[in-house]
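Contents: one structure, followed by commentary.
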Amino acid sequence: MYLIAGLGNPGTKYEMTRHNIGFHTIDYIADELGVKVKKLKYKALYGECEINGEKVLLVKPQTFMNLSGESIVEFVKFFKIPIENVIIISDDIALDTGRIRVRGKGSAGGHNGLKSIIYMLNSDAFPRVRIGVGAPQHKDHELADFVLGRFAKDEIPVLEEAIVKAYKASKEIIARGYESAMNKYNGK
């Protein structure tokens with residue numbers, strides 16, 4: 001069994017913000033597979049599906065970004081999901097808008113949602129797909145304001161492509177492992 005979690009913040013106030021690109025990716029995957037992500041469990045909305053012959057939980061933690069690990073750890077414990085089968089999709093300000101980067105493990109890189117997951121799982125050995133949302137253009141721009149800001153109209157098509165790539169990368173992780181996904185999707 002696998003878990004694919006897209007990180008974000010719940011509520012209409014945060015829809016279409018940079019920080020919610022993980023939620024948007026889960027919504028896209030669910031639409032592609034005809035799955036409803038509406039069940040409520042462990043402070044998350046989730047749905048069940050099959051990808052590449054594997055049972056997969058699609059999860060959108062409703063704890064707010066900084067507490068994402070509280071939700072993820074409960075799913076891992078209850079469904080006995082191996083850490084290496086937990087795929088996290090999140091935003092990344094260090095990447096240009098629309099670029100994706102796959103990693104098999106590693107630090108949170110300053111991302112509070114990933115920090116929470118690493119802390120709660122007591123491990124950083126889970127694959128992640130990070131989607132570039134760009135960085136603030138001005139040094140005096142507050143980072144929190146930037147990631148909670150909305151995308152510009154010209155960024156939307158680029159991010160839609162990135163969401164499709166993030167889904168494909170997640171499928172590749174399930175089918176052939178994160179190294180194969182890294183080779184196919186990093187730097188493109």
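Readers should treat all values here as calculations from the given coordinates under stated rules, not as data from a laboratory. Note that the coordinates shown come from a computational prediction; the quantities given were computed from them, not determined experimentally. Positions of Cβ are generated from backbone atoms using ideal geometry, with glycine treated the same way; all protein chains shown enter the neighbour counts.
Annotations for the structure displayed:
- Gain upon complete extension [residue 31, residue 84; 0.36 nm per residue less C-alpha separation]: 16.6 nm
- Against the compact-protein benchmark of 2.2 N^0.38 Å, the Cα-based radius of gyration of the chain scales to 0.93.
- Surface/4 estimate of mean projected area, convex hull on alpha-carbon atoms of the stretch 1-91, nm²: 5.4
- Applying both filters, DSSP loop and at most 16 other Cβ atoms within 10 Å, to the GluC sites (Glu not before Pro) of the stretch 14-53 gives 15.
- Listed residue (10, 95, 42) projecting farthest to the positive dipole end of the chain, Cβ model: 42
- Burial ordering of 154, 27, 96, fewest other beta-carbon atoms within 10 Å first: 154, 96, 27
- Where labels lie 7 Å past Cα in the beta-carbon direction, separation of residue 161 and residue 180 in nm: 2.5
- Long pairs among 39/60; 38/171; 38/153; 36/77; 13/115, criterion Cα-Cα beyond 19 Å: 38/171; 38/153; 36/77; 13/115
- As a proxy for reagent exposure, 185, 119 were ordered by neighbouring Cβ count within 10 angstrom, fewest first; the result is 119, 185.
- Mean separation of Cα contacts under 8 Å, 6 or more apart, over the residue count of the stretch 34-80: relative contact order %: 29
- Net +/- balance of residues flanking residue 108 in space, Cβ distance below 15 Å, scoring K and R +1, D and E -1: +3
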